[in-house]
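Right, one structure below, let's go through it.
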Amino acid sequence: MLLDEQRDRLLRTLGYGLTPIVLEPQLTQYLSPLESRPALVEEIGLLLDAIESLNGLLSAARTDSMAVEVGGIKIDYVQHVRHLKSEGSRLLRQLEALTGLPLKFDQFKGSAPHSSSNSSVSYW
């Protein structure tokens, strides 16, 4: 069973921000089927934990970015952060596929995912 706390955490992670107590009908249609699938809810929880862990690693990487070398090992901060962000985006897409909820905001790219409906811009 998907607890309210898990539901809210899932929605925040996928970029829905602070959601009201009464969810929009379109979000409810995605969340309702999860209620009867405890293994799926557990997998969602593991993905959410992994994403939270990556956020912690990114915070630590920002703190450690001042170090150029640690114990004789040269650190490539940019490559390390790029890898963490790539992994975070992959986990978000996996969470999106698992739940069926569209990803509204990719926190690791700092933008909303591009859909085919938003791919062309008209200036006239």
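Laboratory data are not the source of any read-out in this text; all were calculated from the coordinates shown. Just so you know, these numbers come straight off a predicted model, no measurement behind them. Neighbour counts are summed over all protein chains in view; Cβ atoms, including those assigned to glycine, are modelled from backbone coordinates with ideal geometry.
What the table shows:
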{"item": "Highest average packing first - 47-53, 76-82, Cβ atoms within 10 Å", "result": "47-53, 76-82"}
{"item": "Cβ-based net charge around GLU43, under 11 Å, with every Lys or Arg adding one and every Asp or Glu removing one", "result": "-1"}
{"item": "Highest average packing first - 102-108, 57-63, Cβ atoms within 10 Å", "result": "102-108, 57-63"}
